[in-house]
Amino acid sequence: MAAADDRPETGRGRTRWGVALPILALPVLVLGFLIIGLFTWALSDEDDPRAGGPAKVPCAEALGFGGAQRPANARPDRCTVQHGIDIAYTAVLRMPREDVRGWLRETYPHAPEIRTGDPCGALCLDVTHEDGLPASAEAHVVQVRVEYVNAETALVRFSAFTM
């Protein structure tokens with residue numbers, strides 16, 4: 001009878017699995033999180049050029065798509081293209097503030113007036129084939145947004161795309 005008294009009490013309906021289950025569940029949870037993470041990573045393609053994400057291109061290509069040339073005094077930050085149903089090129093340039101208006105007027109002489117103030121920022125220009133894009137432009141629309149970084153420098157965001 002003493003042997004029966006030495007056994008641990010498990011109570012009615014309880015087994016010794018109560019300790020083992022959390023230990024066995026840990027690898028299953030870790031494996032599950034790894035599988036979910038792998039699928040999330042595989043399905044996120046926004047930075048993959050093969051999946052339609054933006055790809056780096058020479059700034060001359062990005063500007064040329066919109067019928068523009070890089071100003072001699074501009075420093076390119078980043079230029080990209082994104083292919084999908086439409087084609088969209090972007091170029092980000094830094095250049096002297098005093099040269100921006102002249103470059104825009106020279107590049108798009110038949111475009112609408114350059115706008116200023118909200119919501120444009122410092123300057124903005126929207127040009128289409130109907131109102132001033134040069135014949136050399138492959139884009140249907142060009143949008144230019146300019147922000148003044150300081151008293152000397154302007155940040156120019158150039159977008160040229162098809163529709």
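The values are calculated or read from the model by the stated rules, or taken from the named source; none is laboratory data. What you see is a predicted model, and the numbers here were worked out from it, not measured in a lab. Cβ: placed from backbone, ideal geometry, glycine included. Neighbour counts: every protein chain shown. Protein only, heavy atoms only, side chains kept; ligands, DNA and RNA dropped before computing areas. Shrake-Rupley method; radii C 1.70, N 1.55, O 1.52, S 1.80 Å.
Note on segment 67-142: the alpha carbon radius of gyration divided by the globular reference 2.2 N^0.38 Å gives 1.13.
Karplus-derived 3J(HN,Hα) values for segment 110-115, using 6.51 cos²θ - 1.76 cosθ + 1.60 with θ = phi - 60°, are 9, 7, x, 4, 6, 9 Hz; glycine and proline are entered as x. Would you work out what percent of the accessible area of segment 47-163, with all protein chains in place, is carbon or sulfur (probe 1.4 Å)? The computed percentage sits at 49. For segment 66-163, the relative contact order works out to 33 percent when only alpha carbon pairs closer than 8 Å and six or more residues apart are counted.
A 1.4 Å probe over all protein chains sorts H110, H83, H140 by accessible area into H110, H83, H140, starting with the largest. Taking all protein chains together, I35, I85, I23, I114 sort by accessible area into I85, I23, I35, I114, largest first [probe 1.4 Å].
Just how much of S136 is accessible, in Å², when a 1.4 Å probe is used and the result is rounded to the nearest 10? Around 80 Å² of this residue is reachable by solvent. Rounded to 0.05, the FRET efficiency of the E130 and A55 pair, given R0 = 35 Å and the Cβ-Cβ distance, is 0.75. Computed with every protein chain present, the accessible area of L29 is close to 100 Å² [probe 1.4 Å]. Entry comment: accessible area of segment 120-163 is 45 Å² per residue, from protein heavy atoms only and a probe of 1.4 Å.
Largest accessible area first, the listed residues V141, V30 line up as V30, V141 when surface is computed with a 1.4 Å probe on the assembled protein chains.
Measuring with a 1.4 angstrom probe and ignoring ligands and nucleic acids, R115 comes out at about 100 Å² accessible. Taking 0.36 nm per residue of separation and subtracting the Cα-Cα distance, full extension of the segment from R101 to D118 would add 4.4 nm.
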